[in-house]
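Have a look at the structure below, then the notes.
Laboratory data are not the source of any read-out in this text; all were calculated from the coordinates shown. The structure displayed is predicted, hence computed values, not measured ones. All Cβ positions, even for glycine, are placed from backbone atoms using ideal geometry, and neighbour counts span all protein chains on display.
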Amino acid sequence: MADFLIQVNPGFIIILAGIICAFVPIHGVRKSLVIIAPIIAGWMIYNALREPLAASHVMQVGPIELITMNFDRLALLWGLVFCLAGILNGLYAFHEKCGLTDSSALIYMGSAVAGVFVGDLIMLFIFWELAAISSVFLIWKGGRKAYASGLRYLAIHVFSGVLLLAGAAMYGQANGGDYTFGLIGLDSPGGVLLLVAMGIKCGFPFLHNWMQDAYPKASVTGTVILSAFTTKLAVYALARGFAGESVLIYIGAAMTVFPVFFAVIENDLRRVLAYSLNNQLGFMVCGIGVGTTMAMNGVAGQVAVHVIFKSLLFMSMGAVLYRVGTAKASELGGLFRSMPFTTVFCLVGAASIAAFPLFAAFVTKAMIISSVLYEHHYAVVLVLLFASAGVMEHSGIKVPYFAFFSHDSGKRVEEAPWNMLVAMGLAAAMCIFLAFPVYGYHFLYSLMPSEVTYEPYTGNHIVTQFQLLFAAMFAFALLKRLKIYPDERRAEIIDFDWIYRRLGYQLVRWTDAMWTRLAFHSGRVRDDVVKHVNARLYHVFSPAGTFSASAPSGLAAVLTGSMLVLVLIVEYLTRL
């Protein structure tokens, strides 16, 4: 039994449950599968943890070795937190009666888990694409307005998969047919393609807009599921393949900063959280670029807590959308009166993402910033501190303030359904437990890739963090008091995607115009050539043409008779 547990990829179990779910018409049975499947997968991962050495399982396909199961300490935390997110998502969506959503969610979740535990680039590509294809249905479930966003989401993720496959092929050929997924680096063209492919899913600058485009348009439950898996699978791939690549330090720093400015002026609170997601990914990418033991531990820990508190924030805004029908800040406010539990859970998520002491990110984010400081990237440290204050402003203050407090919108609704409250309550409890000074964060540290010696609860760290957080709160209060803070208004914020959408539109128009002109001119040339050839033929062969004018009128009969004589002579000679 133990051998089976360490040889079967736990993601396969979840994918199988998703396929079965597609053919089960009974709501209760489907929902049970959605919750039980990640529990079984998590139990398999926990049992594999007891093995003293890394476990792997290889399948030979022709000349290529496919590593379907590769268990090590780096994959451990990702696998466990993915299963945990699956359980929370199953509870949160328990009221939803859609077999397609249940099946898609399981296959998507299983693809992410399976992608973490594979050991070669070919298997990674398979689950990379399966995750993209299965998740798009969660976006389309958002309604008619989500259809175009889903198509754009699918196109860019399929393109990411194409780059991943091309990079894997080039990398494998350069390494004698070895496609093992380990440290890749940027020394070869294949490595560069692989980095770009992973960067698309991770939301690198100028490649990030698919998150802000698709996530807010997905269904209430779909956004929660989407926030947990795609980008974190990309972070895992970067951590395994490109740890220590210094270029990622600066890419990650840029990722932490630019979303702050968009989130401040954005009206759709789910879109604000999508920008916040991009900001948090920047911290992880920056830590991967540093690549030291402390940095990689910080990245793994930040992934774990981020999946929980970001899911919690999306859950709270999803509950608001479910009850009120909108997540626009300009149309909300005063909801703490009718949704008190959701308000409290949202505040816990806000405190966690802002890294308040005793809340989740406090024990992980500082490890990343400290590792950057220890490598003497002082300018990057200042950028990360500014970005941390920005997180406090838009996710720690703006989201709960405009949704539940601010001006009273007059909306009086029911509290979120019981299953949503249970899911949010569990996520909130874990946000506190994983930062608890006595045992909680030690448990989290025990699951990290390497031994952790970092102590988060020091006087210096606590004082510095409070200074940063209270400075952000003071700035928000002052700007609101002076009426300088951007008004929440019904408007669409233009991001970088406007540039390539506009350029793409102009390119299509230019191509169409050039094709029309080419067709027109080629048609004219063709017509002129045909006209000229016809004229020449008529000039030569017509009754009044050159050929008739220079030959007797009976020439045609003479030539025909000569050909007949020639045929008779040949026939006679062949019979001799």
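Worth a mention:
- Modelled spin-label separation between residue 479 and residue 261, with each label point placed 7 Å from Cα along the Cα-to-Cβ direction: 1.3 nm.
- Value in Å of the Kirkwood radius, where the range 83-197 supplies the Cα pairs that are averaged: 15.5 Å
- Working from Cα pairs under 8 Å separated by at least six residues, relative contact order for the chain is 13 percent.
- Ranked list, fewest to most other Cβ atoms within 10 Å of each Cβ, for 59, 424, 473, 211: 59, 473, 211, 424
- Each of 236, 401, 179 was scored by other Cβ atoms within 10 Å of its Cβ. Listed from fewest to most, they are 401, 179, 236.
- Distance between modelled label sites at residue 527 and residue 35, nm, 7 Å Cα→Cβ extension: 7.4 nm
- Principal-axis tilt of helix 189-202 within the chain, Cα atoms, nearest 10 degrees: 60 degrees
- Ellipticity estimate at 222 nm from DSSP helix runs (n ≥ 4, -39,500 (n - 2.57)) divided over the chain, nearest 500: -23500 deg cm²/dmol
- (i) 1.21; (ii) 1.06; (iii) 0.98, with the label sought being that of the calculated Rg/Rh (Cα atoms, Kirkwood Rh): (i)
- Globularity ratio of the range 243-456, using Cα Rg and 2.2 N^0.38 Å: 1.03
- Whole-Å distance, taken between Cα centres, linking the range 425-487 and the range 305-344: 21 Å
- Within the chain, the longest run free of exposed loop sites, counting trypsin sites (Lys or Arg not before Pro) that sit outside DSSP helix and strand states (H, G, I, E, B) and have at most 13 other Cβ atoms within 10 Å, spans 146-411.
- Close amide-amide hydrogen proximity is noted between residue 355 and 361, 362, each under 5 Å apart and 5 or more residues distant or on a separate chain (H modeled in the peptide plane; Pro and chain starts excluded).
- Calculated P(r) tail over 28 Å for the range 1-237, as whole % of Cα pairs: 30 percent
- Across the cross-link table entries 398/483; 141/310; 141/398, which are compared at the Cα atoms, the separations over 18 Å belong to 141/310; 141/398.
- Compactness of the range 270-359, taken as the C-alpha radius of gyration over 2.2 N^0.38 Å, stands at 1.25.
- In loop segments of the range 392-479 as defined by DSSP, the GluC sites (Glu not before Pro) with at most 11 further C-beta atoms inside 10 Å of their C-beta are 414, 451.
- For the chain, the dipole from Cβ point charges (+1 on Lys and Arg, -1 on Asp and Glu) about the Cα centre works out to 1780 debye, to the nearest 20.
- Normalised size of the range 261-315, defined as Cα radius of gyration per 2.2 N^0.38 Å with N residues, equals 1.27.
- Centre separation in Å (Cα based) which lies between the range 379-417 and the range 229-301: 19 Å
- With each label modelled as a point 7 angstrom along the Cα→C-beta vector, the residue 463-residue 19 pair spans 6.0 nm.
- For the range 300-412, average projected area of the Cα convex hull in nm²: 7.3 nm²
- Straight-line cross-link reach from residue 232 at under 20 Å between alpha-carbon atoms covers these aspartates and glutamates, not counting any fewer than eight positions away in the same chain: 72, 120, 129, 213, 245.
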